[in-house]
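Data block below; observations after.
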Amino acid sequence: MTYEEIVTNAKQDIGKYCKACMVCNGRACRNQMPGPGAKGMGDTAIRNFDKWQEIRVQMDTISEHEEVDTSFVLWGQKFRYPFFAGPVGAVNLHYGEKYNDQSYNDVMVAACAEAGIAAMTGDGVNPDVMKYATDAIRRVEGKGIPTIKPWNIEIIREKMKQAEGSGAFAVAMDIDAAGLPFLKNMTPPAGRKSVEELRQVAEMAKVPFIAKGIMTARGAIKAVEAGVDAIVVSNHGGRVLDQCPATAEVLPAIVEAVQGKVKIFVDGGIRSGVDVFKALALGADGVLICRPFVTAVYGGGMEGVKTYIEKIGAELADTMAMCGANSLKEITKEMIYLPR
């Protein structure tokens with residue numbers, strides 16, 4: 001199966017909101033919610049994509065001719081590539097009825113585990129979303145990361161127990177989901193978290209805890225103070241607030257502020273192995289990719305997901321070889337060309 005075939009197939013089944021674009025750049029679905037778009041105009045998702053494209057890579061083929069090693073080690077777990085699938089919930093609402101949260105997670109989590117990476121899973125108002133996600137992670141012996149919404153502390157405690165029962169090697173909270181319409185006006189209140197509240201959540205996790213949704217150096221420092229083990233530089237794919245900077249624009253300042261105290265992931269508009277390389281060159285430890293993985297599931301099931309992973313992995317390996325990096329640790333900022 002080719003990626004072109006995956007996209008063609010997905011267009012038949014992915015529903016009326018997502019257009020299953022060959023290159024997912026945020027333009028076709030910019031203001032559609034439900035769907036993969038935003039609650040506003042959707043200009044942040046577009047900016048996410050565009051800013052990665054403005055960064056160029058520096059080709060240099062005078063280097064040791066060795067086999068390129070794309071392997072990535074995180075908290076004792078070894079993965080083939082430094083990118084994971086991002087979390088998605090309520091897929092039949094946002095993407096079409098071919099899959100529901102149970103069948104989607106069954107495919108995504110298993111396919112990622114078999115291909116040598118991990119999938120982050122989603123959460124939602126329906127408690128079954130987390131149940132199906134953690135069930136799927138349990139079946140792959142914990143090779144997945146359940147992501148919990150910023151609910152009130154009692155609900156978070158219940159979800160943490162589910163995450164623990166799955167054997168997941170890490171757990172996350174997408175704190176930027178505080179901007180999603182369905183979290184507003186909930187009783188008890190859900191949404192933003194203080195440093196102390198986030199510390200409580202981090203302490204509940206019996207495994208490394210990831211705070212997803214950091215967009216400023218100040219926010220990164222607060223996350224470190226709260227005791228998280230990793231952050232994801234993310235604006236929720238541009239879905240929750242217009243006129244944010246792109247993740248590529250804020251990543252360098254966040255890397256500098258963190259000073260290696262926690263692991264750093266980044267998402268938002270990363271659409272190729274070349275983009276993954278750029279993110280690592282800017283200082284990220286790893287990358288999340290979300291919407292194109294949905295297209296891969298709808299267009300090819302497990303085979304589609306594996307094909308997409310191999311596509312991104314091959315692009316990363318080729319870029320590394322052509323820029324003189326034989327391992328992830330050899331990727332440096334000098335290997336990219338930043339816009340002036």
The condition of being polar (S, T, N, Q) and crowded, with 19+ Cβ neighbours inside 10 Å holds, among Thr70, Thr2, Thr8, Thr61, only for Thr70
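Return a yes/no flag: does the stretch 227-248 have any residue that is of a type in the set (Gly, Ala, Ser) and free of Cβ contacts under 8 Å to residues at least 60 places away in the same chain.
Filtering the stretch 227-248 down to residues of a type in the set (Gly, Ala, Ser) leaves 227, 230, 234, 237-238, 246, 248.
Those left that are additionally free of Cβ contacts under 8 Å to residues at least 60 places away in the same chain: 227.
The answer is yes; a qualifying residue exists.
Quick one: in the stretch 187-212, of everything that is small (Gly, Ala, Ser) and not in a loop (DSSP other than H, G, I, E, B), which residue is nearest to the chain's Cα centre (by Cα)?
Restricting attention to the stretch 187-212, the residues satisfying the condition of being small (Gly, Ala, Ser) are 190-191, 194, 202, 205, 211.
Add one more test, that the residue is not in a loop (DSSP other than H, G, I, E, B), and what stays is 202, 211.
Details: Ala202: 19, Ala211: 12 Å.
So the residue we want is Ala211.
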Considering residues of the stretch 260-277 that are on the phi > 0 side of the Ramachandran plot and touching a residue at least 12 places away in the same chain (Cβ under 8 Å) only, the residue surrounded by the fewest Cβ atoms within 10 Å (Cβ to Cβ): Gly269
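Just to be sure before I move on: is Val266 under 12 Å from the mean Cα position of the chain (by Cα) and within 25 Å of Ala321 (Cβ to Cβ) in the structure I sent?
Values: under 12 Å from the mean Cα position of the chain (by Cα): yes; within 25 Å of Ala321 (Cβ to Cβ): yes.
For Val266, the condition - under 12 Å from the mean Cα position of the chain (by Cα) and within 25 Å of Ala321 (Cβ to Cβ) - is met.
Tell me, please, whether a residue that is over 30 Å from Thr44 (Cα atoms) and not acidic (Asp, Glu) can be found in the stretch 190-198. Talk me through it step by step, then tell me what you get.
Of the residues in the stretch 190-198, the ones over 30 Å from Thr44 (Cα atoms) are none.
Within the stretch 190-198, not a single residue is over 30 Å from Thr44 (Cα atoms) and not acidic (Asp, Glu).
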Considering only residues that are surrounded by fewer than 21 Cβ atoms within 10 Å (Cβ to Cβ) and not β-branched (Val, Ile, Thr), look in the stretch 116-131 and name the one that is farthest from Val73 (Cα to Cα). Asn126
Condition first: surrounded by fewer than 21 Cβ atoms within 10 Å (Cβ to Cβ), touching a helix residue (DSSP H, G or I) at 6+ places or on another chain (Cβ under 7 Å) and either at pLDDT 95 or above or not aromatic (Phe, Trp, Tyr) (or both). Can you find one or more residues in the stretch 209-218 that meet it? yes
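Residues checked against (1) under 29 Å from Asn105 (Cβ atoms); (2) open to solvent by 10 Å² or more (accessible area, probe 1.4 Å); (3) under 16 Å from the mean Cα position of the chain (by Cα):
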residue	(1), (2), (3)
Ala279	yes, no, yes
Val287	yes, no, yes
Gly300	yes, yes, no
Ala325	no, no, no
May I ask you to say which residue of Ile156, Ile148 is within 25 Å of Ala113 (Cβ to Cβ), touching a strand residue (DSSP E or B) at 6+ places or on another chain (Cβ under 9 Å) and β-branched (Val, Ile, Thr)? Ile148
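Kindly indicate whether Ala257 is touching a residue at least 40 places away in the same chain (Cβ under 8 Å) and closer than 29 Å to Ala110 by Cα.
Values: touching a residue at least 40 places away in the same chain (Cβ under 8 Å): yes; closer than 29 Å to Ala110 by Cα: no.
In short, no.
The values are calculated or read from the model by the stated rules, or taken from the named source; none is laboratory data. Here the structure is a predicted model, which means the values were calculated and not measured. Positions of Cβ are backbone-derived with ideal geometry, glycine not excepted, and every protein chain shown enters the neighbour counts. Accessible surface areas use protein heavy atoms only, side chains included; no ligands, DNA or RNA. Shrake-Rupley method; radii C 1.70, N 1.55, O 1.52, S 1.80 Å.
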